[in-house]
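Some notes on the structure that comes next.
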Amino acid sequence: MRVLRGHHLLCVHGFVGMGYSPSFVEKMSEIVEDIRSSKEDFPIRVVKAFDDACLACPHKGDSKCKENDESDAFVKSLDQKVMSHLGIQHGEVVMKNELMQLTAARVKPNDLDRLCAGCSWLEYGVCKKGIAELNKKVS
């Protein structure tokens, strides 16, 4: 079973190989490959805490994100906004294909301006492009 933060449910659609470190990029690439593959459906536990990607992040502290003083609260707020928008509770287990359908139905590219406000990756446009592609693929 994969464990993903709420906001990573959106990141996986726009990920193009950029990241915080080579090990993070490698781990995120592995996760993204699993998520984008149409070959396998599997359960994903959605959390507002460290997930599979965070395990390879250079900013992972013992119990919270340590990139800067505000980073842990910020990423948790992103998680909560995305989870609320999707109607998912912390710890809930949802099948991957159901998450793809739910995301395509409820998230449009411009929603990211609100859901991901303040995220440094948003300015690259890859996230909105990824959500737009998901919307076309799943619709």
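The values are calculated or read from the model by the stated rules, or taken from the named source; none is laboratory data. Owing to the predicted nature of the structure, the values given are computational and were not obtained by experimental measurement. FYI the Cβ positions are ideal-geometry reconstructions off the backbone, even for glycines, and counts take in every protein chain you see.
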In the range 84-117, residues that are in a loop (DSSP other than H, G, I, E, B) and either at pLDDT below 95 or farther than 18 Å from Gly14 by Cα (or both) total 6
When Asp111 is evaluated against the numbered criteria (1) on the phi > 0 side of the Ramachandran plot; (2) buried (at least 16 other Cβ atoms within 10 Å of the Cβ); (3) of a type outside the set (Phe, Trp, Tyr), which criterion, by number, is the only one it fails? (1)
Residues in the range 74-84: is at least one out of contact with any Ser or Thr (no Cβ under 6 Å at 6 or more places or on another chain) and farther than 13 Å from Arg5 by Cα? no
Given the criterion modelled with pLDDT of 95 or more and either part of a strand (DSSP E or B) or at negative phi (or both), identify the matching residue among Val46, Val25. Val46
Check Lys60, Lys81 and return the single one that is among the charged types (D, E, K, R), modelled with pLDDT of 95 or more, buried (at least 17 other Cβ atoms within 10 Å of the Cβ) and touching a helix residue (DSSP H, G or I) at 6+ places or on another chain (Cβ under 8 Å). Lys81
Which ones in the range 68-80 are over 12 Å from Val47 (Cα atoms), not hydroxyl-bearing (Ser, Thr, Tyr) and not in a loop (DSSP other than H, G, I, E, B)? Asp72, Ala73, Phe74
